[in-house]
Amino acid sequence: MFEFLFKRPGDNKPGDKQPAGQEAQAGQAASTGAAGPGAAATPQRALQAEKLSRIQGDEAAAVEFVLQCEFSELRLTAAETIQSPELLERVHTAMRNTDRRVAKLMQSRLDAHRHREAERRRGETMLEQARSLLKDALLTPNHVADLDRKWAVIAAPELQDEFGAVRAALAQRLEAQVQLQRAMIDRLAALRRLPSEPLPAAELAIKLEALAQEQAQALQAPEQPSLPRGLVAEVGLEAQKLQASLHEIEAGQAALAAREAFLAAQQDKPHAELNPEALRKEWQRLPQAQQGAHGEAMAALQQRFEALLASLPQPEARKPREPKETPATKPKEQGRIEGKTEGRARGADQHFLDTMDAMEAALQQGSLGTAAELDKGLKEAREKNMRGMHLTPAQSDRLAHVRAELKRLSDWARWGGNVSREELIKSVEALPTQNLAMSELAKKVGTMRERWKALDSLSGAAPKSLWERFDAACGAAYAPAAAHFRHLADERHANAARGQGLIDEANAEIARLQSGEAEWKHVAGTVQRLRLAWSHLGAIDRKEKKRLDSLFTDALNTLQGPLEEQRKGEMAEREDIIEAAAAIDPHDRHALDTMRALQQRWQEHARALPLERKSEQALWQRFRAVCDEIFQRRKESMHEADIERRAHEAAKEAISARLEAAAAEVSPASAGKLLRDAAAEWQAIGPVPRAHEARVEKRYHAAVAQIQQQLEAARRAVGLAQAGQLRDKLRLVQALEQQVASGDGAGDADWEARWSALPPLEADMERALRARFDAALGALPEGRDGYAQLLERNRGTLLNELLRAEIRAGIDSGPEFARERLKLQVEVLQSSLKSGHGGGHGAGHKGGHKDGQKSGQTGGSAQLRELAALPALVDARTASRIEQLFMRLAREGK
């Protein structure tokens, strides 16, 4: 507003004109500037494109090109070459706030590189884990399956071959384990089949030795730790049992061979030489085979023997001897003797005979225990019936023979039992070295003691030394199990104490809940924690377990009752949140804020009182599904909006392109309509993508500015032409007035012709100058003195108005007018302050500035007309000042 106060006297001296060449250069520069920056940038872009073509995959050169290039498309093309992480990081840091596309490309490649590095590190970790598994002595299939499951989600192709080699080695180890276990199972089946095979004892021993060697080799194999300990123990136990029964099998086979040879020898003899009773006695004296594997063979031989006996002639039964009668016998003694003879003749009763038959059958079957019990029954029966029962000689011989056979077999059984006891003691002493589980160890020791008792019943009582050795071995073997069971008992008592503590804690929480001091979140956490702790409580004695379970269930039900009621209310709140989320309009601009508020509300409820895991998961899945659906619909809407914005962008780009194309050919008459139509069409188009908005706006304003510059240049040319016409007519008028003032009246008709030869001006300026010209032309014949005096009087007024106009236009008046100019500036300032506006130089707001500018332009035009219409004499300096003022105002478009 007050810039005219600070004009220096040397600025824009009057009479200084630019040469014609400089004016032409200025016009050319203006036209070049109006043509836009594209024409100047085209050579630079071509140079940059040529430089880009010479990069040819050089990443360092590409980085330098990206950091120095001014064209985004070329930067993006060069950035495609960069792959090194260090160079990517450098370019991303430099372009983060400069070129979004290049920065995004660099970021994506950095992310991909980091992902590959992370996958490679995970792959190396899995590879190291695979190697450690390969070195592990105890390799299990679940570890390898877990390794395969983890490797399946890792993308590390550079490690695939190395991992494949390690995985193949692991597969070989697993296959070796499978083969070793299958061989162990087959070996166990072979051991169990051996006793039933009809082989000699020597061959059985050879096969058992071969199987034992195979078992020893299996236990020395590299994959031996993978064998189930129960399977290994079972194979060892079967081998021991078979080894212990070898002598029994050998004895049984020897007994079968002896009986077979006896039968063959007797069948070759004539039947007349054979005595059935003698044969039966010899048959019973032969060794017996144990029942079991040889039972069927023994039965077949017994049938053959019975058939042989049946084929022999049976001897006649001997008559009992009659007692001799003596005359000297007294009647009393004779009665007693007759009674005795009658008892002897009667013999044993049928029950005694049946018992003796059962004893013989038990001996033939090898059941020594049953035979011993039956023999005991026979002794008791004879003791009870000592006076009433007398055996016949045949019965006595038979009973003696049976008891002799019982004694012989008992001696054999006692000898075999002692051997079996020795083997049993060795088996018990080997139990601590088998690393059995405690329960299995206790079961084994119990089984060994039962077998010892069975040997006592079958083979008679054991020697004291053997019993002491066996008992000491059982005690030593059972000691770890006893300690383990004592530890388990202590743990059960400790678990019972912990269970009682949990019940007390539940009762304390019930008391706090009833008093209103407990929070629902704390109650829910306590219930969950107590339930989890109770499930991990461990073993408790059965009686104590039943009591504690009842107390804990009652306490937990008391806590869960009100908690479930509160959770029902919480579930209703969650349902309301889900319904509120489902009711959100995805197209609403506040949809995201509403969704975040609902999510925050959900989190608050979840923190206040967590629900049961199943219910919580179900409700959360529903809520998340609703949220995902809203976000998906909003994403689709945003995608549609993005497509629409891109269409808007294309439409606005088309407007800008149309303006750019019309800028070179537009005329001043059609430029206004073109700009108005473009502005209306621009405003009617919707928004464009935010990332491209600045670029689109910049292009549009550049195209509009280019057309406006051309219009301004055209107006300025028109103004300069009008100023030249005004100057010519003003010079004609000034020359006429100078002639009037000099008193020379020649050539009056020539003045009118000269005026008519000049082109007409604007209507107002034409009228003002025509009036001044006519007044001077009319004063030329007469009234010359009066008009000359008027011209002289108006000289000062003209100078004053000219100085005022120069101040308004910001033109220097020269050093000789400095004082008058300063005085007039102060007057103008005071007048402006009193009127409240700057006379067109500005106002307090934007609208005021525009109005003031219009009024200033109108006032300036009126002042120019007044200055041009004022008749006054001027010298060359004043005339030059007036012409400079008109040309300056015309150049500025005023």
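Here, each number is a calculation from the coordinates, and none is a lab measurement. A quick note: this is a predicted structure, and the numbers were derived from the prediction, not measured. For neighbour counting, all protein chains shown are included, and Cβ atoms are generated from backbone atoms with ideal geometry for every residue, glycine included.
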Residue separation between residue 493 and residue 826 times 0.36 nm, minus their alpha-carbon distance, gives in nm 108.7 nm
Mean projected area, convex hull of alpha-carbon positions in region 463-611, reported to one decimal in nm², is 14.6 nm²
If R0 = 56 Å, then residue 669 and residue 599, at their Cβ-Cβ distance, give a FRET efficiency to the nearest 0.05 of 0.35
Pseudo-spin-label distance residue 149 to residue 454, built 7 Å along Cα→Cβ, given in nm, is 4.5 nm
If R0 = 45 Å, then residue 216 and residue 281, at their Cβ-Cβ distance, give a FRET efficiency to the nearest 0.05 of 0.35
For the residue 698, residue 720 Cβ pair and Förster radius 30 Å, calculated FRET efficiency rounded to 0.05 is 0.40
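Given the pairs 281/376; 207/443; 568/614; 269/407, which are separated by over 19 angstrom at their Cα positions?
Cα-Cα > 19 Å for 281/376; 207/443; 269/407; rest within.
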Distance in nm between residue 546 and residue 394 label points, each 7 Å along Cα→Cβ, equals 6.5 nm
Quarter of the surface of the C-alpha convex hull for region 553-648, i.e. direction-averaged projected area in nm², equals 6.8 nm²
Neighbours of residue 62 by Cβ distance under 10 Å: Lys/Arg at +1, Asp/Glu at -1, summed charge -3
Per the charge dipole of region 463-611 (beta-carbon charges, Lys/Arg positive, Asp/Glu negative, Cα centre), the residue among 472, 595, 482 reaching farthest to the positive end is 472
Subtracting the Cα-Cα distance of residue 312 and residue 621 from 0.36 nm times their residue separation yields 101.6 nm
Residues of region 680-706 with backbone N under 13 Å of the label point set 7 Å from the Cα of residue 646 along Cα→Cβ are 689
Of the listed links 384/464; 150/521; 652/673; 426/453, those spanning more than 28 angstrom between alpha carbons are 384/464; 150/521
So, relative contact order of region 50-200 in percent, Cα under 8 Å, 6 or more apart, is 15 percent
Listed with the fewest Cβ neighbours within 10 Å leading, 620, 534 appear as 620, 534
Expressed in nanometres to one decimal, the distance between label points 7 Å along Cα→Cβ at residue 683 and residue 168 is 7.9 nm
Whole-number value, in Å³ per residue, for the convex hull of the alpha carbons of region 168-209 is 59 Å³
Of the candidates 711, 664, 753, the farthest towards the positive dipole end of region 646-787 (Lys/Arg Cβ +1, Asp/Glu Cβ -1, centred on the Cα centre) is 664
To the nearest 20 debye, region 463-611 has a Cα-centred charge dipole, built from +1 on Lys and Arg Cβ and -1 on Asp and Glu Cβ, of 880 debye
Once the in-chain neighbours fewer than 8 apart are removed, the aspartates and glutamates whose Cα is under 13 Å from residue 241 read 422, 423
Highest mean packing first, using Cβ neighbours within 10 angstrom, the peptides 65-77, 134-146 sort as 65-77, 134-146
Burial-style ranking of 763-776, 601-614, average other-beta-carbon count within 10 Å with highest first, yields 763-776, 601-614
Env charge @ residue 770, Cβ radius under 13 Å, K,R +1 / D,E -1, value -1
Env charge @ residue 689, Cβ radius under 15 Å, K,R +1 / D,E -1, value +3
